[in-house]
Amino acid sequence: MFEVKPVAGALGAEVLGVDVRTLNQAEFAELRRLWGEYLVLFLPGQSLTPEDHRRFADRFGEVDVEPFVYPFLTPTVEGHPEILKILKEGGDRTINFGGLWHADVTYRARPHMAGILYAIETPPAGGDTMFANQYLAYETLSDGMKARLAGLRAVHSNLMPYGGGEARIGAVGRDHVPREADRLAENSPYGASTIETVIENAHPVVRTHPETGRKFLFVSRAFVDRFEGWTREESLALLEFLWDHAARPEFTCRYRWSAGALGIWDNRSAQHFALNDYYGARRHMHRIAVHGERPV
Ligand code: SIN
């Protein structure tokens, strides 16, 4: 039905010749099937107003309209509180939005099911997004490690993200080394979040995907603080192993955006990482997220 071009061996495919504004039910069902197979789909050449973007997102499920505030105040598109405006200006040398391995808002009781990202303006080079297949991350663990992780839960916290004192992110540009000050959300043009509510939720380290029934690893460097019932110190060594393993190059793909490209990721079985390598250029994206289920 569509022309499908895999982006890498592990996950990701471009779907060509599609206008998401006009998909009929059968075409949308096929797109969802491909999404389940490839975890992240890229549809270049779209021409979407914010209303079109929202209408398309509505077909996936319940769109998230809660304000997204961590770690810096993230603007939204005027008249569309559900559309995050991910904008980095050319002169901004601070951290970027999503510049470390994560799945979105996993500190919530019901993390997102999908992220739907639309490229408005892209840098001449750089600003790619990487994705990592977390089914593969789980399936390639030894039986011993799988047994150790069975039943284990991890505490995800909004206090962990980049932008805080314990930030696990750097701001690196082609022409400068990371500066400590650039890691702090308060130095971003938008300022640090003023909301201090702590949101912590424990989720299984190994989740079962509600649609495919397959198991996948669900721990990210961005949001996991510790294992439930373990101290941070006890947790860290095993977490370091899992974080590194989850993002092995063999499990990833990397997408070069063009204006008009639409990306749709499964926010459960894939992690992502927005590269911050385009200092001096402008990058502007719109993101809508779709609510997910309580992880099991
Ligand atoms: C994100 O949702 O983490 C940002 C993705 C991107 O800007 O590439």
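Only the coordinates and a few stated rules stand behind these numbers; no lab work does. Just so you know, these numbers come straight off a predicted model, no measurement behind them. All Cβ positions, even for glycine, are placed from backbone atoms using ideal geometry, and neighbour counts span all protein chains on display.
In the chain, what % of DSSP beta bridges are antiparallel (nearest 5)? Write out the running numbers ahead of the final one.
Numbers: 52 of 54 bridges.
Once the DSSP bridges in the chain are tallied, antiparallel ones form about 95 percent.
Among PRO204, PRO124, PRO50, determine the one that fluctuates most according to a GNM of the chain built with springs between C-alpha atoms less than 10 Å apart.
PRO124
So, by mean Cβ neighbours within 10 angstrom, what's the order for 144-154, 100-110 with the highest one leading? Show your work: numbers first, answer last.
Values: 144-154: 14.5, 100-110: 21.5.
For the peptides 144-154, 100-110, the packing ranking is 100-110, 144-154.
ARG110's amide H: which non-local residues (gap 5+, or another chain) put their own amide H closer than 5 Å, with H modeled 1.01 Å from N in plane and none for Pro or chain starts?
Amide H to amide H, under 5 Å and 5 or more residues apart or across chains, ARG110 pairs with nothing.
Suppose every K and R has +1 on its Cβ and every D and E has -1 on its Cβ; what is the size of the dipole of the range 16-120 about the Cα centre, in Debye to the nearest 20? All intermediate terms of the calculation are to be shown ahead of the outcome.
On the way: 11 positive and 15 negative charges, 41 e Å.
The dipole of the range 16-120 has a size of about 200 debye.
Please tell me the relative contact order of the range 48-117 in percent, rounded to the nearest whole number, where contacts are Cα pairs under 8 Å and at least six residues apart. Please list the in-between numbers first.
Numbers: 35 pairs, mean separation 14.5, N = 70.
Across the range 48-117, relative contact order equals 21 percent.
Set the Förster radius R0 to 22 Å, insert the Cβ-Cβ distance between VAL65 and VAL4 as r into 1/(1 + (r/R0)^6), and round the FRET efficiency to 0.05. If you can, show how the numbers build up before the last one.
Details: r = 32 Å, r/R0 = 1.45.
Computed FRET efficiency for VAL65 and VAL4: 0.10.
How long are the semi-axes of the ellipsoid equivalent to the chain, from square roots of 5 times the Cα gyration tensor eigenvalues, in whole Å, largest first? Mind dumping the intermediate values first?
Working: eigenvalues 147, 123, 65 Å².
Result for the chain: semi-axes of 27, 25, 18 Å.
Just check the range 1-62 against the gyration tensor rule for me: Cα atoms, a ≥ b ≥ c as the square roots of the eigenvalues, rounded for a/c under 1.5, and otherwise prolate or oblate depending on whether a/b exceeds b/c.
Values: a/c = 1.70, a/b = 1.53, b/c = 1.11.
Prolate, since a/c reaches 1.5 and a/b exceeds b/c.
Per-residue HN-Hα couplings for the range 251-262, Karplus 6.51 cos²θ - 1.76 cosθ + 1.60 at θ = phi - 60°, whole Hz, x for Gly and Pro?
Result, ordered by residue: 9, 10, 9, 9, 10, 8, 6, 10, 4, x, 7, 10 Hz.
Counting alpha carbon pairs within less than 8 Å and at least 6 residues apart, what relative contact order, in whole percent, applies to the chain?
Details: 673 pairs, mean separation 109.1, N = 296.
Across the chain, relative contact order equals 37 percent.
Per residue, how big is the convex hull of the range 37-150 when only Cα atoms are used? Give it in Å³. Please report the intermediate quantities before stating the final value.
Values: hull volume 19.4 nm³, N = 114.
Per-residue hull volume (Cα only) is 170 Å³.
Residue by residue, what Karplus-based ³J(HN,Hα) values in Hz, rounded to whole numbers, does the range 101-116 have, using 6.51, -1.76 and 1.60 with θ = phi - 60° and x for Gly and Pro?
Each residue's phi maps through the Karplus curve to give 5, 6, 10, 6, 6, 6, 6, 7, 5, 10, x, 4, 8, 9, x, 10 Hz.
What's the magnitude of the charge dipole for the chain around its Cα centre, counting Lys and Arg as +1 and Asp and Glu as -1 at the beta-carbon? Answer in Debye, nearest 20. Working shown, then result.
On the way: 33 positive and 39 negative charges, 74 e Å.
That gives a dipole near 360 debye.
Skipping prolines and chain starts, which residues have an amide H placed within reach, meaning under 5 Å, of the one on GLY61, given they are 5 or more residues away or on another chain?
none
I'd like to know which of TRP35, ALA8, MET285 lies farthest towards the positive end of the charge dipole of the chain, counting +1 on Cβ of Lys and Arg and -1 on Cβ of Asp and Glu.
Among TRP35, ALA8, MET285, the one farthest towards the positive end of the dipole of the chain is ALA8.
Along the charge dipole of the chain, Cβ charges K/R +1 and D/E -1, which of GLY144, LEU100, VAL63 sits furthest on the positive end?
GLY144
Give, rounded to the nearest 20 debye, the magnitude of the charge dipole that the range 67-151 has about its Cα centre when Lys and Arg contribute +1 at Cβ and Asp and Glu contribute -1 at Cβ. Provide the component values of the computation, followed by the final result.
On the way: 7 positive and 9 negative charges, 70 e Å.
Computed about the Cα centre, the dipole is about 340 debye.
Run through the range 1-68 and list the trypsin sites (Lys or Arg not before Pro) located in a DSSP loop whose Cβ has at most 16 other Cβ atoms within 10 Å. Walk me through the numbers on the way to the answer.
Numbers: sites: ARG21, ARG32, ARG33, ARG54, ARG55, ARG59; in loops: ARG59.
Here the sparse-neighbourhood loop sites are ARG59.
Hey, what number do you get for the chain at 222 nm if only DSSP H runs of n ≥ 4 count, each worth -39500 (n - 2.57), divided across all residues, to the nearest 500?
Working: 5 runs with 51 residues, N = 296.
It comes out at -5000 deg cm²/dmol, rounded to the nearest 500.
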